[in-house]
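Presented below is the structure to which this report refers.
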There are 2 protein chains.
Amino acid sequence: MFESADIGHRMGRKAYREAEPLLRQALLKAQFDLLASKHHAVVVLVNGVDGAGKGETVNLFNEWMDPRHIRTEAFANRGKPSEPLSDGRPPMWRYWQVLPPKGHIGVLFGSWYTEPIVRHAMGDDGKARLQARLENIRALERMLSAEGVMLVKLWFHMTKDGVRQRLKTLESDPKTAWRVNPADWERLKHYDEYQATAAKVLRKTSTAEAPWLVVDGSDPCYRAITAGQYLLQNLQRAALPPEPVPTHAAPQPPAPLDGRSLLDGFDYQRKLARKAYDDTLERLQGRLNGLLRAPAMQKRSLVLVFEGMDAAGKGSTIRRITQAMDARHYRVIPVAAPNESERAQPYLWRFWRYLPQRQHTTIFDRSWYGRVLVERVEGFCSEAAWTRGYDEINAFEEQMTEAGAVVVKFWMAITPDEQLARFEARKTTPHKAHKITDEDWRNRDKWPQYARAVDDMIDRTSTDIAPWHVVASNDKLWSRIEVLRVLCDRLEATLAKD
Amino acid sequence: MFESADIGHRMGRKAYREAEPLLRQALLKAQFDLLASKHHAVVVLVNGVDGAGKGETVNLFNEWMDPRHIRTEAFANRGKPSEPLSDGRPPMWRYWQVLPPKGHIGVLFGSWYTEPIVRHAMGDDGKARLQARLENIRALERMLSAEGVMLVKLWFHMTKDGVRQRLKTLESDPKTAWRVNPADWERLKHYDEYQATAAKVLRKTSTAEAPWLVVDGSDPCYRAITAGQYLLQNLQRAALPPEPVPTHAAPQPPAPLDGRSLLDGFDYQRKLARKAYDDTLERLQGRLNGLLRAPAMQKRSLVLVFEGMDAAGKGSTIRRITQAMDARHYRVIPVAAPNESERAQPYLWRFWRYLPQRQHTTIFDRSWYGRVLVERVEGFCSEAAWTRGYDEINAFEEQMTEAGAVVVKFWMAITPDEQLARFEARKTTPHKAHKITDEDWRNRDKWPQYARAVDDMIDRTSTDIAPWHVVASNDKLWSRIEVLRVLCDRLEATLAKD
C-alpha cells in the first residue's frame, strides 16, 4: 500500500508559495459552498505514522478555512480524559457524538482505525478479529456514505529511515531535542509490524465510496498541498447533490399471496382480571427493581424498545416499568418525526446519542425501527435506504450487546377493531382527545402495509442477541404484566450468565 | 427469519387454476424480453428444507418457460460426479463455470449457501469461520449484481411439524413409501440446528441488491405461485436497463503532485552478457522443472501473471518459462479485448475459466489487471467499476491461494525510450511488423496515465499472498533471468513450507 509513497515525493518552496494562497482561497470558498448547500457532511480522518505531519496538517486545515465550521476532535487509542466518555457504550459511540451535521466539516485526529491497527500490530488481536473489525468498519463507512457523509481518509506516511532521520535531526539540536522522547524510539522498533498491519488495513478499506489517500509526509510542502488539494476536491464534490448512477436494483420480495401476517395469527383473547393484575404488577415491579440493583447490572446497561400500532398502549406500559426504576438511572425517549438537526445526520445518529451508560436504562417509545416501518410505508426514505436498514439495525444492536447492553424489544400487538375502539374513546375523553390526530386515522388506512412491514421487520431483526417479543395487547392489563414478565425473565437470564 | 412463514400460507386449488395460466404466459414473455434485451443475466438460487418443494419448483420453472434458455445445475454439498470437477481450484469455480450469459437464466439447485450452512450446523465451522464465509458471499453477490447478474434467492421453508407430517404421510402409503429413506428421519433430528444457522445466514445475506424470499413450502399451490411471481418480477426488472440512482460518490485520490511514479524510481541499467545468460538460463530452467515435478507440487497449482507496457518482452519471457515445462501441464492464455461472449459475463469470468487444476500451470499474458489498467485509463469501464476492482481482484487471488495455487505476478518494466526503440525495430523487422499497431502508438501517448494506474495497482494489490514483482526489462536477457529466478524462489519457498 505504501510502495508508491516510498519512492519519496518533493515540492520546492517556490512552488509551495505559489500554490498555497490559491489553495487556501479555493478551500475557503468550497467550505462556504458546502455550508450553503447542505448536501453532505465531510469527515476527515487523519491517521498515519507519527512525525509524518498529522498535527501540522490539521493545524493548516484550521488555518486555511474558517475554524468555526470545522470541528476537530482528537482520539487516542483507548480514550483519554478530554474525550466523551463512552462508559459502557459501544466503542463507536464517541465518534457518533462528534459527527458533523450536513454542511459542516469534522476532522478526526485518530479514528476508528487506530485501535484495530494497534491491537493487531501488537499481537492483541489475531487475524480473524482484525477481519471482523474491518468488516464492521466497512459496513459503517458504507452506511455513512449512503447517508451523505463524505469520508476523506488521509494516511500520512514516512519510511523507517525517514522516521529515524527525523528523530536524529530533532535530537541533535538543543532547541528541538525536547520533541523526542524515549517512546518515539520505542515505536520505531515496531515500525515494520505497524506498517504491515496498516498496509493490510488500508487495502481492505480502500473502497470505492471511501478510498484512502496515502500522503508521503517527508516533505512538509508536498504533504500540505497534497492533503489540501484532496480535501478541496472532496469539498467541491460534497457541495453538489448526489449524482445519478446506473444501478442494478433487485425487486423486493412480494407480500404473501394470501395477505396473512404474523399479527393475524396471534391470540388476542388473553385477559387479566384487575385483582390479579394489581397483585402481579407489584410483585413484578419489585422483581425488576431487584434485578436492576443486582451487582452484575453495574457492568451492564438496558435498552428497551417499544413499537406498536397507534394506541397500542406503549406509553402506559412504559410508565408501569419506570415506576420500578430509580429516576437517576433511566430516561424515556419518545421518538417522533426527526427535527431539522436530526435530519442533517445519518438516521441512526439520534438514537446513538441516547444510548445508556453503564447501569443506566434508555426506554425508546418508538425507535430506529421507524426506518423499516413508517419511513418504508410512507415513502419517507428510498427503497434502497430501508432495504439496507435491516442490516444496519442488526449491526447497531450487535454493537450495543457487545458493549454489555441488554436489548429488549417489544411489539405491542392490537387488532384493528381494538384500535378503532381506542381511537373513538380518545375522541370522547377530554384529557385524551389531543392524543388522536388526522394522521392516526390515515395510518390506520395503511394497516395491511404496516402489518407487512412488521412481518419483514420481525423476520429480519429478531436475532439471538435481540429477539422481538410480540405481546398481545388488546387487554391492557394482560399486556403490561406480560411485558414486565418478559423483561424480568430476559434480565434474569442475562445476569445469571455473567 | 422464518417467523412470518411459520404461520402457514395457503392458496386454494381454484385460485391456483386461475393464476397458473396467466403466470405461465407472463413468464414466457418475460423470458423472451430478457433474451432480447441482454441487460442482465438472471440466476435463481434454490435452497431450503428438504421436502419443501425445491425440486418441484425447479421442474415447474422449466415447464413454464422455454427450457432451452434455462440452464439448471444441481450442486450437492461436496461435489458429486455429475458436477464440474474443481480438482484443486477454488470452491467457487464450479459456480463460475455455469454462470449464464446476459439474457439467459440459470437455476442453481443448491448453491454457495449449502456448504456454509451445513458445516456450521454440523459444528464443523465455528462462528468466525461462518462470518468469514458470509462476508465472501456478500462480496461475491455485490460484484455479480454490479456486473449485471440478478440473483433470485429462494428459500423453501417448512416447519419441523410439517416435515414430520410429510414423511409420515409418504410412508403410510405403499405407493409413496419408497420416497422416504432413513436419512430423511436422521435429518429431521438436526432440524433445529439447521434452521438456526439458516436464519442467521439468510439475515446476514438478505442485502438490498440480493434479498432472500422465504417461501412457505407446505402448500404446493401457494409455493408455486409465490416463487413464480417473484421470478416474474425479477425477469421483468432484468429486461430493463439499470436505473439511475442518486449516489454519493467520493472523488478518487489525485495523482502525485510531482508526477513521479514507482516506475521512474527504478534501476533500468542492469544488464547481462549473452554467455552468462545462456549458462544461467539453462540452470534456472532445470531448477524450475525440478520444482514443478516435486511431490509437494502435486497438491498445488501455479498461476503466473505477466503485465507490462507494450513491447516489454512478456511473450519471449513466457517462452523461456514454458521451455522448462511439461506441455501436458500448462497453458498460456493471451488476453486481449473481451469478445462478445466474454462481454456478456462479469469481467472476472473469462479468467475463472482458465484457473489451473492441481499440478497444472496457467500463464496469463496480460490478465484481470486489465480492469485497473487499460479499462481504467481508456475509460472502457466506469470509475465505480475499476475502483471496486482492486478489492475484487484481491479476493479472487485470495481464493486461488486458499485452494493451493501459487500466484506469481510480474510487471515487466521498460522505459519510454526503450519502448520507442523496440517499436521502431518491430516496424522494420518483417516478421515482427504485425506486432505493432496504431493502438500501440496511441497507448504510448498515455504513458503517464498508465504509470499512475500501475502505481495504484501495485499499492493496492501487492499482497502477502500474491505480491507484485517489478522486473527491470530494458535488457531482455537480464529480465528473463530475473523472472525465472524470482519464480523459482517463490516456488521453492512455498513448497518448503508444505
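Answer yes or no: is there a residue in the stretch A:421-431 that is in contact with a helix residue (DSSP H, G or I) (Cβ under 9 Å, 6 or more places away or on another chain), part of a helix (DSSP H, G or I) and either free of Cβ contacts under 8 Å to residues at least 40 places away in the same chain or within 14 Å of chain B (Cβ to nearest Cβ) (or both). Checked against the condition, which is being in contact with a helix residue (DSSP H, G or I) (Cβ under 9 Å, 6 or more places away or on another chain), part of a helix (DSSP H, G or I) and either free of Cβ contacts under 8 Å to residues at least 40 places away in the same chain or within 14 Å of chain B (Cβ to nearest Cβ) (or both), the stretch A:421-431 yields at least one hit.
Here is the figure for the stretch B:319-347: residues that are of a type in the set (A, V, I, L, M) and buried (at least 21 other Cβ atoms within 10 Å of the Cβ) total 2. Only a single criterion out of (1) at pLDDT 95 or above; (2) part of a helix (DSSP H, G or I) is not satisfied by residue A:150, namely (2). Scanning the stretch B:309-338 for residues being of a type outside the set (Gly, Ala, Ser) and in a loop (DSSP other than H, G, I, E, B) gives a total of 7.
If the condition is being in a helix (DSSP H, G or I) and either within 14 Å of chain B (Cβ to nearest Cβ) or on the phi > 0 side of the Ramachandran plot (or both), then the stretch A:371-389 contributes A:371, A:372, A:376, A:383, A:384, A:385, A:386, A:387, A:388, A:389.
Selection of the stretch A:140-192 for residues being within 14 Å of another protein chain (Cβ to nearest Cβ) and among the β-branched types (Val, Ile, Thr) yields A:149, A:152, A:159. The residues on offer are A:26, A:121, and the sole one that is more than 30 Å from residue B:264 (Cα to Cα) and in contact with a His (Cβ under 7 Å, 6 or more places away or on another chain) is A:121. Would you please list the contacts, defined by Cβ atoms under 7 Å and residues six or more apart or on different chains, that run from a residue in the stretch B:1-14 that is more than 7 Å from chain A (Cβ to nearest Cβ) to a residue that is in a loop (DSSP other than H, G, I, E, B)? Short answer, once both residue conditions are applied: B:6/B:159; B:8/B:218.
Determine whether the stretch A:19-38 contains at least one residue that is in contact (Cβ under 8 Å) with a residue 24 or more places away in the chain, crowded, with 21+ Cβ neighbours inside 10 Å and within 14 Å of another protein chain (Cβ to nearest Cβ). Scanning the stretch A:19-38 turns up at least one residue that is in contact (Cβ under 8 Å) with a residue 24 or more places away in the chain, crowded, with 21+ Cβ neighbours inside 10 Å and within 14 Å of another protein chain (Cβ to nearest Cβ). Looking at the stretch B:398-418, is at least one residue without any contact (Cβ under 8 Å) to a residue 24 or more places away in the chain and under 29 Å from residue B:280 (Cβ atoms)? For the stretch B:398-418, residues without any contact (Cβ under 8 Å) to a residue 24 or more places away in the chain and under 29 Å from residue B:280 (Cβ atoms): present. When the stretch A:464-476 is limited to residues that are surrounded by fewer than 20 Cβ atoms within 10 Å (Cβ to Cβ) and touching a helix residue (DSSP H, G or I) at 6+ places or on another chain (Cβ under 6 Å), the one that is nearest to residue A:321 (Cα to Cα) turns out to be A:469. Could you check, for the stretch A:139-147, whether at least one of its residues is under 23 Å from residue A:6 (Cβ atoms) and not in a helix (DSSP H, G or I)? No, there is no match, as no residue in the stretch A:139-147 is under 23 Å from residue A:6 (Cβ atoms) and not in a helix (DSSP H, G or I). Of the residues making up the stretch A:455-477, at least one is assigned to a helix (DSSP H, G or I) and farther than 21 Å from residue A:260 by Cα. Note on the stretch A:196-308: enclosed strands (runs of 3 or more DSSP E) holding 3 or more residues that are away from chain B (no Cβ under 14 Å) and not hydroxyl-bearing (Ser, Thr, Tyr) are A:301-308.
For (1) within 14 Å of another protein chain (Cβ to nearest Cβ); (2) hydrophobic (A, V, I, L, M, F, W, C); (3) part of a strand (DSSP E or B), each residue gets a yes or a no:
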site	(1), (2), (3)
A:59	no, no, no
A:73	no, no, yes
A:88	no, no, no
A:94	no, no, no
A:106	no, no, yes
A:119	no, no, no
A:124	no, no, no
A:128	yes, yes, no
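If you check A:485, A:444, A:452 for being buried (at least 20 other Cβ atoms within 10 Å of the Cβ) and of a type in the set (Lys, Arg), only one passes: A:452. With over 23 Å from residue B:256 (Cβ atoms), in the same structural domain as residue A:209 (by TED's automatic domain parsing) and either out of contact with any Gly (no Cβ under 6 Å at 6 or more places or on another chain) or modelled with pLDDT of 90 or more (or both) as the only criterion, which of A:9, A:69 stands out? Among A:9, A:69, only A:69 is over 23 Å from residue B:256 (Cβ atoms), in the same structural domain as residue A:209 (by TED's automatic domain parsing) and either out of contact with any Gly (no Cβ under 6 Å at 6 or more places or on another chain) or modelled with pLDDT of 90 or more (or both).
The values are calculated or read from the model by the stated rules, or taken from the named source; none is laboratory data. Model, not experiment: these values are computed from the prediction. All Cβ positions, glycine included, derive from the backbone under ideal geometry; neighbour counts span all protein chains shown.
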